[in-house]
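Down below is the structure, laid out as structure tokens.
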Amino acid sequence: MAVVEWLLDSDPSIRWQVMRDLTDAGDEAVAAERARVAVEGWGAQLLALQEPDGRWGGGTYFPSWTSTAWTLSLLRNLGLDPRSEPARRAVVPVRENAKWEYDDLPFFDGEVEPCINGLAVALGSYYGQDVRVIVDRLLGDQLSDGGWNCEQERGSTRGSFHSTICVLEGLLEHERATGVTPELTAARLRGQAYLVERRLLHRLSTGEVIDPDWSQFSFPTYYFYDVLRALDYLRDASAVPDERLEEAVALVEKKRTDDGRWLLENRHPGETQLDLDESEGNPSRWNTLRALRVLRWYDQR
């Protein structure tokens, strides 16, 4: 309870998710707390930074991490209600003015790299925009192993964990927004299996750990993969855990500190426009929230 109280003593963007995911608060109370994201705290600060042309940071994907795409992504992570007037007002000029740096393509038409298109689908679906053209492209871009890779236009034929998690989050958000279809769901489940078959961390061919950094937990994650991000996706997708996740879940449990919290372990370098009151090597409310809800999901299997 002390950890939950610590989580609740924070920004509305954390409080409403704690209420929903850890305390089982009623829908009305959760919605009331979520509504505060648009008008106070971190959500309001980000909305206030939107430029007259509708962009943030002077760009669409770049600069990292202050541009339009990453700011909308962070607002989604914070839980800005897309039906709120501030959210709707913010998205209109993005749809009308923002262009990807690649070939000056419209924001909600996507571009060529699956990782970026996965992000665009997640954002478009969340904020109520038509992104079917991007979804169709992603379905065609899925590789034979079930994954996606931003290097496939340069010849790669193997999935990438980084690209695949971005696409999976986008497809899940699209399913939530538009409904389940056999083709879309089958593609998402194949991509999900790509991660699970590799136990979220290992090469399928040799069993070795692919990248030790994936065991370091970050927030925001941006386009980077890590084990906690994958588990939180599986929780969000209501996947049924099996023995292939035991190692990954044990890793999360092992990282719990003596006072029941999780640290911010790997802060991705780059400029930010918002102080989330967290620093590398210190307790992280975001990682603690996500770890606790992952463990709760796993224990209820």
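Listed highest first by mean packing, meaning other Cβ atoms within 10 Å per residue, what order do 253-259, 33-39 come in?
Per-residue mean Cβ counts within 10 Å order the peptides as 33-39, 253-259.
Counting only residues 5 or more places away or on other chains, whose amide H sits under 5 Å from the amide H of residue 59 once H atoms are built in the peptide plane?
Correct list: 68.
Spelling out what I want: for every residue of segment 153-166, take phi, set θ = phi - 60°, compute 6.51 cos²θ - 1.76 cosθ + 1.60 (Karplus), and round to whole Hz; glycine and proline get x.
5, 9, x, 5, 10, 10, x, 10, 4, 4, 5, 5, 5, 5
What distance in nm separates the simple spin-label points at residue 40 and residue 244, each placed 7 Å from Cα in the Cβ direction?
That separation, rounded to one decimal, is 4.5 nm.
Any idea which of 217, 269, 23 is furthest toward the positive side of the dipole for the chain, if Lys and Arg beta-carbons carry +1 and Asp and Glu beta-carbons -1?
Of 217, 269, 23, it is 23.
Treat every Asp and Glu Cβ in the chain as -1 and every Lys and Arg Cβ as +1, leave all other atoms uncharged, and give the resulting dipole magnitude about the Cα centre to the nearest 20 debye. Each step should come with its number before you reach the end.
Details: 34 positive and 51 negative charges, 89 e Å.
Once rounded to the nearest 20, the dipole reads 420 debye.
Given H placed 1.01 Å from N in the peptide plane, which residues other than close sequence neighbours of residue 160 have an amide H under 5 Å from its amide H?
For residue 160, the qualifying residues are 148, 149.
Taking Rh as the Kirkwood radius, which is the inverse of the mean 1/r over Cα pairs, what is the Rg/Rh value for the chain? Can you show the working numbers first?
Values: Rg = 18.5 Å, Rh = 19.7 Å.
A ratio of 0.94.
Apply the Karplus parameterisation 6.51 cos²θ - 1.76 cosθ + 1.60, with θ equal to phi minus 60°, to every residue of segment 23-28 and state each ³J(HN,Hα) to the nearest whole Hz, in sequence, with x for glycine and proline.
Ordered by residue, 3J(HN,Hα) equals 10, 6, 5, x, 4, 5 Hz.
Can you give me the accessible area per residue for the chain, using a 1.4 Å probe, in Å²? Mind dumping the intermediate values first?
On the way: 13390 Å² over 301 residues.
That works out to 44 Å² for each residue.
Can you list the HN-Hα couplings for segment 275-282, worked out from phi with the Karplus curve (6.51, -1.76, 1.60; θ = phi - 60°), rounded to whole Hz and with x for Gly and Pro?
These are the phi-based 3J(HN,Hα) values: 8, 8, 6, 9, 9, 4, x, 10 Hz.
The values are calculated or read from the model by the stated rules, or taken from the named source; none is laboratory data. Since the model is a prediction, treat every value here as computed from it, not as a measurement. Ideal geometry is used to build each Cβ from the backbone, glycine not excepted, and the neighbour counts take in all protein chains shown. When the accessible area is computed, the model is the full protein with side chains, heavy atoms only, and any ligands, DNA or RNA have been set aside. Shrake-Rupley method; radii C 1.70, N 1.55, O 1.52, S 1.80 Å.
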